[in-house]
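The values are calculated or read from the model by the stated rules, or taken from the named source; none is laboratory data. Because the structure is predicted, anything quoted here is derived from the model rather than measured. Reconstructed Cβ throughout: ideal geometry from the backbone, glycine too, with neighbour counts over all protein chains shown. These area figures cover heavy atoms from the full protein model, side chains too; ligands, DNA and RNA do not enter into them. Shrake-Rupley method; radii C 1.70, N 1.55, O 1.52, S 1.80 Å.
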Amino acid sequence: QVQLVESGGGLVQPGGSLRLSCAASGNIFSIYAMGWYRQAPGKQRELVAVITSGGSTNYADSVKGRFTISRDNAKNTVYLQMNSLKPEDTAVYYCNADILGVRVGIGPIKDNYWGQGTQVTVSS
């Protein structure tokens with residue numbers, strides 16, 4: 001199995017910056033894509049940013065120009081650099097990944113995983 005561990009959340013002032021990290025570990029043969037989602041109280045979980053194995057990125061319109069997603073393949077880690085933070089960015093941020101693993105007697109298996117979430121609060 002695979003575990004995703006997020007870190008870097010916290011309290012920041014409007015206009016400030018924060019960097020989130022998500023490290024994947026376990027039965028990993030390759031990672032197809034990793035991304036960040038967020039969910040505010042009373043709202044649906046939404047995609048923030050995603051990066052594919054080929055390095056392609058996609059962002060929600062609300063964060064374009066402010067957030068940057070990147071990866072370190074050697075560490076199986078994805079990052080989310082958040083700049084010019086706004087109060088509306090306040091949410092629990094979740095790491096998500098599509099990962100190919102290998103199971104004995106079966107072969108390669110693709111699965112999707114979620115991290116436990118990290119709180120980001122933007123307030124003065």
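Restricting attention to region 2-20, the residues that are at negative phi and open to solvent by 40 Å² or more (accessible area, probe 1.4 Å) total 8. The sole residue among ALA49, ALA33 that is under 25 Å from THR121 (Cβ atoms), under 13 Å from the mean Cα position of the chain (by Cα) and hydrophobic (A, V, I, L, M, F, W, C) is ALA49.
Within region 97-124, which residues are aliphatic (A, V, I, L, M) and more than 19 Å from the chain's Cα centre (by Cα)?
VAL102, VAL104, ILE106, ILE109, listed by residue number.
State whether the residues of region 93-109 include one that is among the polar types (S, T, N, Q), open to solvent by 50 Å² or more (accessible area, probe 1.4 Å) and modelled with pLDDT of 95 or more.
No.
Applying the criterion of at least 3 residues that are of a type outside the set (A, V, I, L, M, F, W, C) and closer than 12 Å to ILE31 by Cα to the strands (runs of 3 or more DSSP E) found wholly in region 67-122 leaves 91-103, 107-114.
Can you find even one residue in region 21-28 that is exposed (fewer than 12 other Cβ atoms within 10 Å of the Cβ) and modelled with pLDDT of 95 or more? Within region 21-28, not a single residue is exposed (fewer than 12 other Cβ atoms within 10 Å of the Cβ) and modelled with pLDDT of 95 or more. In this structure, ALA97 does not satisfy being of a type in the set (Gly, Ala, Ser), without any contact (Cβ under 8 Å) to a residue 24 or more places away in the chain and touching a strand residue (DSSP E or B) at 6+ places or on another chain (Cβ under 9 Å).
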